[in-house]
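Since the structure comes first, as structure tokens, the remarks are kept for the end.
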Amino acid sequence: KQEVTQIPAALSVPEGENLVLNCSFTDSAIYNLQWFRQDPGKGLTSLLLIQSSQREQTSGRLNASLDKSSGRSTLYIAASQPGDSATYLCAVNTGFQKLVFGTGTRLLVSP
Amino acid sequence: EAGVAQSPRYKIIEKRQSVAFWCNPISGHATLYWYQQILGQGPKLLIQFQNNGVVDDSQLPKDRFSAERLKGVDSTLKIQPAKLEDSAVYLCASSLTATGRNTGELFFGEGSRLTVL
């Protein structure tokens, strides 16, 4: 059974810091991995999707890497801003678009 | 392009009552999903439709939950009777996929928050 773990559970940083969020999964047989952002009381917004054959994806200040063999992904946020405060969820696609989610990292960026 | 629409956004009911949630996916998206997100946890897949057929409902508590996707577009998720532990956010998502493809991106609605008293 696929299990996804995210560390840390919560993170508080001052504005401007570069930070790394971690995601690990137990079964390397995945099709892709997706990072989402969730604001309080809102749905999920897709940030980055990495196919199993890819090593990384970039979008603006966000960079996500994938090491399938070791069951790890990282989300790197450069020059963090207060508007980045949210919960970040990673999810692995185990086949036929079935996503298994981690419990998320709650990020607070203070001005 | 319009996103995934869900209603109602909030619902409060007493235990043993029934409730229904509605979802309209992004136009042209063949696959529709219902996820349950309990406070402090990641979303858990309840049911997945491909057009109007069920692909996966292995985690749907079928004694009280039901879902349908008539005509392969809109979907409804019903809970009857509700229990206290059903308090959660119910998220609908859709993706543009064809049979056998696994690489599509999922797009989520804003969710329907259910409180069972």
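The values are calculated or read from the model by the stated rules, or taken from the named source; none is laboratory data. Note that this is a predicted model, so its numbers are computed, not measured. Because the Cβ atoms are built from the backbone with ideal geometry, glycine has one as well, and the counts that use them run over all protein chains shown. Accessible surface is based on the protein model in full, side chains and every heavy atom, while ligands, DNA and RNA are left aside. Shrake-Rupley method; radii C 1.70, N 1.55, O 1.52, S 1.80 Å.
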Within 10 Å of each Cβ in B:106-117, how many Cβ atoms from other chains are there, averaged over the peptide?
3
Probe radius 1.4 Å, ligands and nucleic acids ignored: give me the carbon and sulfur share of the accessible area of the protein assembly as shown as a rounded percent.
50 percent
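Across peptide A:91-104, what mean number of C-beta atoms from other chains lies inside 10 Å of a residue's C-beta?
6
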Estimated dipole of the protein assembly as shown in Debye, rounded to 20 [Cβ of Lys and Arg +1, of Asp and Glu -1, Cα centre]:
480 debye
With the 1.4 Å probe rolled over protein heavy atoms, chain A has an accessible area per residue in Å² of 46 Å²
Label-to-label distance, nm, for residues given as A:THR45 and B:ALA2 (7 Å Cα→Cβ offset)
2.1 nm
About its Cα centre, the stretch A:19-67 carries a charge dipole, from +1 on Lys and Arg Cβ atoms and -1 on Asp and Glu Cβ atoms, whose size in debye to the nearest 20 is 200 debye
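How many Cβ atoms of partner chains, on average, are near each residue of B:33-42 if near means within 10 Å of its Cβ?
That works out to 4 on average.
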Might you tell me the accessible area per residue for chain B, computed with a 1.4 Å probe and given in Å²?
50 Å²
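List the equivalent ellipsoid semi-axes of the stretch B:50-92 in whole Å, largest first, each obtained as the square root of 5λ for an eigenvalue λ of the Cα gyration tensor. Kindly include the intermediate steps, with their values, before the conclusion.
Working: eigenvalues 84, 25, 18 Å².
Its equivalent ellipsoid spans semi-axes of 21, 11, 9 Å.
Kindly state, as a whole number, the per residue volume in cubic angstrom of the convex hull around the alpha carbon atoms of chain A.
92 Å³
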Put a dot 7 Å past each Cα toward the Cβ at B:THR76 and A:ASN22; how far apart are the dots in nm?
4.7 nm
Could you check which residue among A:SER73, A:SER12, A:SER65 shows the biggest mean-square fluctuation in a GNM of chain A with a 10 Å Cα cutoff?
A:SER12
What FRET efficiency would be calculated for the residue pair A:ILE7, A:SER53, taking the C-beta separation as r and a Förster radius of 25 Å, to the nearest 0.05?
0.45
How would chain B be classified by its alpha-carbon gyration tensor: rounded, prolate or oblate, with rounded meaning a/c under 1.5 and the a/b versus b/c comparison settling the rest?
prolate
Simple spin-label estimate for B:ARG9/B:VAL54, 7 Å along Cα→Cβ, in nm, reads 3.2 nm
Heavy-atom accessible surface buried between B and A, both sides counted, 1.4 angstrom probe, nearest 100 Å², is 1900 Å²
Please give the charge dipole size of chain A, origin at the Cα centre, charges +1 on K and R Cβ atoms and -1 on D and E Cβ atoms. Round to the nearest 20 debye.
260 debye
Against the rule of thumb 2.2 N^0.38 Å, how large the Cα Rg of the protein assembly as shown comes out
1.01
